[in-house]
Amino acid sequence: MALVHKLLRGTYILRKFSKPTSALYPFLGIRFAEYSSSLQKPVASPGKASSQRKTEGDLQGDHQKEVALDITSSEEKPDVSFDKAIRDEAMYHFRHLKDEIVDHWRGPEGHSLHEVLLEQAKVVWQFRGKEDLDKWTVTSDKTIGGRSEVFLKMGKNNQSALLYGTLSSEAPQDGESTRSGYCAMKSRIPRGAFERKMSYDWSQFNTLYLRVRGDGRPWMVNIKEDTDFFQRTNQMYSYFMFTRGGPYWQEVKIPFSKFFFSNRGRIRDVQHELPLDKISSIGFTLADKVDGPFFLEIDFIGVFTDPAHTEEFAYENSPELNPRLFK
């Protein structure tokens, strides 16, 4: 509803001021007059090309006269319908909402409940085209004045994503920052109809599964929980991923029980299990303090159920181990 209200409000403003008069041009400038006339004037025919070769002064004088006449002409108005744009946008979101409701009736993500219960593996992200790259964002310490650079593009034959760049641990010369040197890649939060925030449910799986190819550098895999609390925006669950280097692909399997809890990059004393039923995003961070170029090629990212893994949580919290936490 907020989106519809914004569109309607914008439509009202455009309709109210869609026909500027020639008296406003001294205040808006000649560029506004040229822009308005270019939207409403038809394209000149080839026969009139010679008549348009005038001096700059005559062109401006004649142009202002023509603009006043063109704006009042009903036959030369641009074919733009804001009502149609609003209807098309609303219908798109309503169709999306209908698909979500039907998929919910059928089962999780449109699959039958029997099929979901027997599912042992699932590919969540794969990279086969530009639309797959649009689901991710990259960032580096350039946001705080650093010199690291990171880029994301499609790999060879459009069968993978290539994350590459240069890491620099040189601290920004701002008088405040003392450390720098990181590059990261993070998935975008999934959105539903009317831009509603969605989440992933991995509660039936116990292991993260990746197929990657790197240059021997260690990466940090970060998983964020879906939350609406501002105090939890910097909280995440992390674990290490070590790449071997070389030309060969490697399959990385990380049990979810190994992920440790951190806040603002600091590991907390009180550890919590990763809530697999409300996953917001996943990311990869490089901050090994080794300056120079790097790359990480990713084929797919998925989850699966490992029947041999029976560990529920790798970190213990008990009064015997840390009495301060239970006071």
Q: Consider only pairs whose beta carbons are under 6 Å apart and that are at least six residues apart or on different chains; among these, list those whose first residue lies in the stretch 90-115 and is modelled with pLDDT under 70 and open to solvent by 80 Å² or more (accessible area, probe 1.4 Å) and whose second residue is assigned to a loop (DSSP other than H, G, I, E, B) and of a type outside the set (Asp, Glu).
A: Leu113/Gly107
**Q.** Residues located in the stretch 215-232, provided they are in a loop (DSSP other than H, G, I, E, B) and farther than 21 Å from Gly181 by Cα
**A.** Asp226, Thr227, Asp228, Phe229
Q: Identify, from the list Ser160, Ser148, Ser168, Ser177, the residue that is touching a helix residue (DSSP H, G or I) at 6+ places or on another chain (Cβ under 7 Å) and either β-branched (Val, Ile, Thr) or modelled with pLDDT of 90 or more (or both).
A: Ser148
Q: Specify which of the listed residues (Asp228, Asp215) is within 24 Å of the chain's Cα centre (by Cα) and either farther than 28 Å from Gly292 by Cβ or of a type outside the set (S, T, N, Q) (or both).
A: Asp228
Q: For Ala193, indicate whether it is modelled with pLDDT under 90, among the aliphatic types (A, V, I, L, M) and out of contact with any Phe, Trp or Tyr (no Cβ under 6 Å at 6 or more places or on another chain).
A: yes
Q) Based on what the data block shows, is Ser238 among the small types (Gly, Ala, Ser), within 22 Å of the chain's Cα centre (by Cα), at pLDDT 95 or above and not in a loop (DSSP other than H, G, I, E, B)? A) yes
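The values are calculated or read from the model by the stated rules, or taken from the named source; none is laboratory data. Note that the structure is a prediction, hence the values are computed from the model and not measured. Quick reminder, even Gly has a Cβ in these numbers, built from the backbone with ideal geometry, and neighbours come from all protein chains shown. In case anyone asks, the SASA skips ligands and DNA or RNA and just uses the protein heavy atoms, side chains included. Shrake-Rupley method; radii C 1.70, N 1.55, O 1.52, S 1.80 Å.
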